[in-house]
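Chemist: Pasting in a structure now, in structure tokens, and then I'll have a few things to ask.
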Amino acid sequence: MNNLIDRETKDIYIEETNQSLDDIENQLITLENMGADIDMAVAKKIFHAMHIIRNGASLLSLTKIKDLSQKIENVLGLICSNRLSPNPEVINILLQGIDRLNQLTDQVDNNEDLNIDEQSVLLTGLTSAVLPDDIKQSVTEVRDIPVPNGKHIFKISEFNLIQVLEQGKNIYILMYDLIKDVQEKNNTPLNFVRFVQRHGEMIDSVFDIKSIGTLEEQEFGSEMPYFVLLASTLSCEQLIKELDLQPYQIKPVNNVIADLIHPKTDPHQKELSSTSIAKNRMTENKRRLEKLNALFCELKFSMDKMPCRLDNTSSLSKARLQTVLLNLHDLLYQENNVLASKVLWKIGRNIRDYAYQSNIKATIDLQCGYIMMDNRILCRLIDPLTAITIKMVRLVQDIEPVQLCLSMGKNEDTIALTISYANPHMIIKKTHIDCHDEEKKLHALSADLKQTFESDKGLTVEIRVPQKVFIVSGYRVKIDNYCYIFPKFNVKDHLANLNPLKWSENDSSFSFYHEDHFIPIVNISNSDISYYKNKNKLIVCEVGGQRFGVAVDELETKELDAFCQSLGKQLAENPLIIYHCLLDNGQIAFIPDMDYLVNRIS
Amino acid sequence: MVSTQKAEKDGKVDLATFYVGEALCGMDILKIQEINKNMEITSVPNSPDYVVGVLNMRGRIVTIIDVCQKLGLLKSQSTDTQRNIIINSQNEYIGLLVDKVAEVVKAEWRKVTPPPSNVRGVQGKYFEGVYKKENALIAILDVEEVLKDENVS
Amino acid sequence: MSKKVIRPGQDIVASMVPEFKKSLQELIGEEGITEIDIDLTGVEMVDSVGLGAFIATHNTLSQKNGKLTVIHASDDIYSLFKTMRLDQHFEIQQG
């Protein structure tokens with residue numbers, strides 16, 4: 001029981017665990033770098049250290065720390081018995097687990113907000129893939145049943161749930177307020193509980209103690225939320241009648257656990273397949289989102305170039321479409337946004353790797369809070385932020401470990417990421433860093449960078465990233481020294497080393513034989529089209545069902561995300577281009593108006 | 001009519017002066033964001049002659065206009081003295097490519113007279129007025145008029 | 001030692017809870033007590049408001065890194081607290 005151990009023991013445990021976790025991190029990277037010849041002694045050291053952490057957590061009733069360290073210990077056990085190889089993917093998953101453990105120990109008295117679900121799924125996925133059936137049984141199978149208020153989760157062993165279901169019972173969540181449902185009905189808690197138990201089995205229950213508050217906060221007669229997980233042979237309607245409930249107070253949860261009895265499968269096989277199902281679903285979702293983003297771009301491009309006549313009806317329909325576009329944009333904004341910490345943790349990993357390879361001590365503490373950002377922006381931030389952080393690490397002259405901090409703040413439509421020294425009382429060599437390359441990469445995201453030096457704080461680097469951006473995914477192409485980005489949505493194929501025999505000339509128009517058809521070639525410039533015969537690469541486009549080709553000088557097959565900047569007024573009349581954008585190297589690329597191109601098919 | 005209205009301002013003004021072809025022009029220095037000699041201008045395909053191209057100015061893409069050509073003179077020669085004058089017009093940044101930048105001149109609006117119909121080959125409509133300084137005549141540019149689209153009546 | 005034992009000696013119900021909470025607040029706030037044992041000798045019943053008082057006391061003491069223990073609970077009260085999983089938050093001793 002957690003109250004038998006005093007505060008001091010807990011503090012000692014936390015301190016020792018933190019120290020141990022630091023060592024474990026280094027040892028994991030060492031293990032990864034050993035490649036094929038792993039020194040089992042290192043693996044065993046980590047396993048042993050993890051075991052001690054887990055035991056201590058169990059004794060102190062630190063449930064989350066215990067559960068997570070158990071899962072990490074299981075994976076390490078597999079590595080020690082040579083059933084799992086510590087490749088970078090495995091080490092990454094372990095490091096994510098260690099990161100979360102660090103956060104849990106830092107906030108040991110108040111880690112309600114930190115959950116271990118993501119890390120648990122990843123770690124269990126590793127074990128499920130490897131363990132043979134008999135040993136799998138000993139790994140506890142617990143099912144989460146969340147309470148509708150989103151604050152609590154019942155964690156019940158699947159074995160118990162299966163037993164209940166096999167007895168033909170239904171499982172419900174009952175939501176009570178002890179003041180309203182018991183006190184004000186002149187009832188006592190004891191009678192109330194016995195009454196409920198007459199109609200079913202209370203598998204578990206929980207008070208929302210936070211809502212009840214402290215002695216100062218609690219006012220006489222305020223609510224006391226109480227949730228019961230009940231197994232009963234009665235139906236929902238019958239229970240409402242028997243227990244005198246309002247319909248909103250009862251929620252059946254059979255659908256959440258139905259898979260436990262149909263079909264009868266090995267629970268670990270199920271977990272393994274659910275991990276790969278989850279993985280597949282993630283890739284499917286990613287592809288679906290990419291497609292949605294591309295569709296949105298196509299729609300926006302059409303709208304942008306739609307003529308705005310003074311005619312009432314056409315401007316009304318344009319206004320209607322604009323509203324649709326805006327709403328779609330808002331929806332997509334939510335889909336594209338993820339928790340910044342989910343992507344930016346990789347910066348921490350990169351710094352760890354750098355420190356390991358340079359044989360120094362350097363860490364970066366990421367304080368992202370609950371800030372959400374567009375995933376595409378986050379992915380592009382990792383490299384420049386890593387480079388900037390490493391440059392700031394190199395600025396320090398002391399032998400002491402360098403501790404940096406990345407904090408994030410939101411200001412209307414801009415998010416600021418600030419990298420600063422956590423221990424600024426060390427000597428740094430210069431008052432600023434040379435980061436022109438990183439700046440170019442940030443400019444390509446419409447972001448900017450600012451360096452400030454203060455004698456008491458040292459160097460601080462602030463990166464401001466606007467949230468309202470228009471991102472087009474496309475392929476970079478070079479035609480006559482102009483750089484274009486052709487939208488992915490419109491590009492069907494790209495060809496190189498063109499067979500000269502496949503060209504066909506008809507008066508002043510060219511076509512190329514591709515996939516059983518002759519596709520017309522569009523002249524993107526105003527010069528003579530026969531010039532294009534000398535280009536040996538072709539990009540095959542499709543707009544509104546119409547296919548055509550554009551001859552190019554250079555072609556990048558890897559797609560990139562272009563952050564579009566609107567054209568100035570002087571360029572707005574240009575029929576060929578619709579937007580321009582910056583590339584990572586500072587160059588300017590143009591987004592062609594695909595409508596214009598398709599209309600040039602002679 | 002229009003030219004007299006333009007010249008009816010009060011107080012003092014600092015004029016940044018520069019050469020457009022042979023004409024010595026001026027502009028209220030407060031309208032200028034910066035002057036730079038960044039010539040890494042990317043040309044824009046299918047654009048009119050007076051659009052020199054676009055420039056990456058610290059992450060912002062700025063269109064650069066050759067003022068000479070826009071005003072109907074011959075294209076300015078690429079020389080070392082060319083500069084971009086970055087101004088803000090109707091909420092966007094535009095660069096004016098000029099041949100040579102000269103000094104800042106302190107002037108008073110009441111001493112500015114309406115422009116003649118022709119200043120060194122450039123139509124008078126492009127100027128707010130002229131200011132006489134010692135031996136030189138500074139033609140104060142009406143930037144909005146310069147940037148106006150010729151095709152719009 | 002900032003530990004104290006309180007013995008209400010009566011049923012913990014709505015009518016006496018305000019006074020009860022006040023005295024607890026005084027103990028914690030003014031005397032700086034962080035460990036409290038509530039001795040339930042002679043207490044036969046706890047109603048909903050009384051339960052709330054226990055939970056609120058636990059919440060307050062938790063904030064101060066303190067501890068609440070309920071001792072000498074009757075069989076009924078012990079079983080009630082266990083069924084309602086209050087033993088997951090503070091220690092309850094039967095007696």
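Chemist: Checking A:K10 against (1) open to solvent by 60 Å² or more (accessible area, probe 1.4 Å); (2) within 14 Å of chain C (Cβ to nearest Cβ), which single condition isn't satisfied?
Modeler: It is condition (1) that A:K10 fails.
Chemist: A follow-up question, please. Kindly provide the set of residues from segment A:354-383 that are over 14 Å from A:Q403 (Cβ atoms), surrounded by fewer than 15 Cβ atoms within 10 Å (Cβ to Cβ) and not small (G, A, S), ordered by number.
Modeler: Those that are over 14 Å from A:Q403 (Cβ atoms), surrounded by fewer than 15 Cβ atoms within 10 Å (Cβ to Cβ) and not small (G, A, S): A:Q357, A:N359, A:Y370, A:C379.
Chemist: Give the residue that is nearest to the other protein chains (Cβ to nearest Cβ), with candidates limited to residues of segment A:435-491 that are on the phi > 0 side of the Ramachandran plot and either in a strand (DSSP E or B) or touching a strand residue (DSSP E or B) at 6+ places or on another chain (Cβ under 8 Å) (or both).
Modeler: We begin by selecting, within segment A:435-491, every residue on the phi > 0 side of the Ramachandran plot; these are A:446, A:458, A:480-481.
After this cut, where a residue has to be either in a strand (DSSP E or B) or touching a strand residue (DSSP E or B) at 6+ places or on another chain (Cβ under 8 Å) (or both) as well, the list is A:446, A:458.
Values: A:S446: 7, A:G458: 24 Å.
This residue is A:S446.
Chemist: Now for a separate question. Regarding B:S47, is this residue more than 14 Å from chain A (Cβ to nearest Cβ), open to solvent by less than 40 Å² (accessible area, probe 1.4 Å) and either at pLDDT 85 or above or over 26 Å from A:L442 (Cα atoms) (or both)?
Modeler: Numbers: more than 14 Å from chain A (Cβ to nearest Cβ): no; open to solvent by less than 40 Å² (accessible area, probe 1.4 Å): yes; either at pLDDT 85 or above or over 26 Å from A:L442 (Cα atoms) (or both): yes.
Against the criterion (more than 14 Å from chain A (Cβ to nearest Cβ), open to solvent by less than 40 Å² (accessible area, probe 1.4 Å) and either at pLDDT 85 or above or over 26 Å from A:L442 (Cα atoms) (or both)), B:S47 does not qualify.
Chemist: Checking the conditions here, which among C:S79, C:S23, C:S62, C:S15 is over 26 Å from A:P225 (Cβ atoms) and not in a strand (DSSP E or B)?
Modeler: On the way: C:S79 fails: over 26 Å from A:P225 (Cβ atoms); C:S62 fails: over 26 Å from A:P225 (Cβ atoms); C:S15 fails: over 26 Å from A:P225 (Cβ atoms).
Matching residue, one of C:S79, C:S23, C:S62, C:S15: C:S23.
Chemist: Taking B:I140, is it touching a strand residue (DSSP E or B) at 6+ places or on another chain (Cβ under 9 Å), free of Cβ contacts under 8 Å to residues at least 12 places away in the same chain, buried (at least 21 other Cβ atoms within 10 Å of the Cβ) and of a type in the set (V, I, T)? Step through it out loud before you land on a result.
Modeler: On the way: touching a strand residue (DSSP E or B) at 6+ places or on another chain (Cβ under 9 Å): yes; free of Cβ contacts under 8 Å to residues at least 12 places away in the same chain: no; buried (at least 21 other Cβ atoms within 10 Å of the Cβ): yes; of a type in the set (V, I, T): yes.
Judged against the criteria, B:I140 is not a match.
Chemist: When the residues of segment C:28-53 are filtered to those that are within 10 Å of another protein chain (Cβ to nearest Cβ) and at pLDDT below 90, which remaining residue is farthest from C:G95 (Cα to Cα)?
Modeler: This residue is C:G29.
Chemist: Sticking with this one: Name the residue that is most open to solvent (accessible area, probe 1.4 Å), counting only residues in segment C:65-76 that are at the interface with chain A (Cβ under 8 Å from one of its Cβ atoms) and not in a strand (DSSP E or B).
Modeler: C:N65
Rundown of residues vs (1) of a type outside the set (V, I, T); (2) within 29 Å of A:Y596 (Cβ to Cβ), yes/no style:
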site: B:C25; (1), (2): yes, no
site: B:I29; (1), (2): no, no
site: B:I32; (1), (2): no, no
site: B:K37; (1), (2): yes, no
site: B:E40; (1), (2): yes, yes
site: B:V54; (1), (2): no, yes
site: B:G59; (1), (2): yes, yes
site: B:T63; (1), (2): no, yes
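Chemist: Consider A:T431 against the criteria (1) within 14 Å of another protein chain (Cβ to nearest Cβ); (2) in a loop (DSSP other than H, G, I, E, B); (3) of a type in the set (V, I, T): it satisfies all of them except one. Which criterion is unmet?
Modeler: With respect to (1) within 14 Å of another protein chain (Cβ to nearest Cβ); (2) in a loop (DSSP other than H, G, I, E, B); (3) of a type in the set (V, I, T), A:T431 is out only on (1).
Chemist: Looking at A:L215, A:L230, A:L234, can you tell me which residue is open to solvent by 30 Å² or more (accessible area, probe 1.4 Å) and not small (G, A, S)?
Modeler: Values: A:L215 fails: open to solvent by 30 Å² or more (accessible area, probe 1.4 Å); A:L230 fails: open to solvent by 30 Å² or more (accessible area, probe 1.4 Å).
Unique residue meeting the criteria: A:L234.
Chemist: I would also like to ask the following. Would it be correct to say that B:G124 is in contact with a helix residue (DSSP H, G or I) (Cβ under 6 Å, 6 or more places away or on another chain), more than 14 Å from chain A (Cβ to nearest Cβ) and modelled with pLDDT under 85? Reasoning before the result, please.
Modeler: On the way: in contact with a helix residue (DSSP H, G or I) (Cβ under 6 Å, 6 or more places away or on another chain): no; more than 14 Å from chain A (Cβ to nearest Cβ): yes; modelled with pLDDT under 85: yes.
Taking the combined requirement at face value, the residue does not satisfy it.
Chemist: So, one more: Read through the list (1) in contact with a Lys or Arg (Cβ under 9 Å, 6 or more places away or on another chain); (2) among the aliphatic types (A, V, I, L, M); (3) modelled with pLDDT under 80, then give the number of the only condition that A:I529 fails.
Modeler: The number of the failed condition is (1).
Chemist: Of A:Q451, A:Q403, which residue is open to solvent by 70 Å² or more (accessible area, probe 1.4 Å) and touching a residue at least 12 places away in the same chain (Cβ under 8 Å)?
Modeler: Working: A:Q451 fails: open to solvent by 70 Å² or more (accessible area, probe 1.4 Å).
Result: A:Q403 is the single residue among A:Q451, A:Q403 that is open to solvent by 70 Å² or more (accessible area, probe 1.4 Å) and touching a residue at least 12 places away in the same chain (Cβ under 8 Å).
Chemist: Contact list please: Cβ distance under 8 Å, first residue in segment B:1-24 and at pLDDT below 90, second residue of a type in the set (S, T, N, Q) and surrounded by fewer than 17 Cβ atoms within 10 Å (Cβ to Cβ), pairs at least six apart or on different chains.
Modeler: Note: pairs meeting the criteria are B:A7/B:T113.
Chemist: Sort out for me the helices (runs of 4 or more DSSP H) sitting completely within segment A:118-203 that have 1 or more residues that are touching a Ser or Thr at 6+ places or on another chain (Cβ under 8 Å), modelled with pLDDT under 85 and more than 14 Å from chain C (Cβ to nearest Cβ).
Modeler: Details: elements: A:133-136, A:158-166, A:189-197.
Filter on segment A:118-203 gives A:133-136.
Chemist: So A:A36 passes all but one of these: (1) crowded, with 19+ Cβ neighbours inside 10 Å; (2) out of contact with any Cys (no Cβ under 9 Å at 6 or more places or on another chain). Which condition number does it fail?
Modeler: (1)
Chemist: Related question: Confirm whether B:V67 is within 14 Å of chain A (Cβ to nearest Cβ) and crowded, with 16+ Cβ neighbours inside 10 Å. Please lay out each step first, then the result.
Modeler: Numbers: within 14 Å of chain A (Cβ to nearest Cβ): yes; crowded, with 16+ Cβ neighbours inside 10 Å: yes.
Judged against the criteria, B:V67 is a match.
Chemist: Restricting segment A:54-73 to residues that are more than 16 Å from A:N110 (Cα to Cα) and aliphatic (A, V, I, L, M), which is most open to solvent (accessible area, probe 1.4 Å)?
Modeler: Taking segment A:54-73 as the starting set, the residues that turn out to be more than 16 Å from A:N110 (Cα to Cα) are A:54-56, A:58-59, A:67-73.
From what's left, aliphatic (A, V, I, L, M): A:59, A:68, A:72.
Numbers: A:L59: 118, A:L68: 0, A:I72: 2 Å².
Among them, the one singled out is A:L59.
The values are calculated or read from the model by the stated rules, or taken from the named source; none is laboratory data. Since this is a predicted model, take the numbers as computed values, not measurements. Methodologically, a virtual Cβ is constructed for each residue, glycine included, from the backbone with ideal geometry; neighbour enumeration extends over all protein chains shown. Keep in mind that these areas ignore ligands, DNA and RNA; they rest on the heavy atoms of the full protein, side chains included. Shrake-Rupley method; radii C 1.70, N 1.55, O 1.52, S 1.80 Å.
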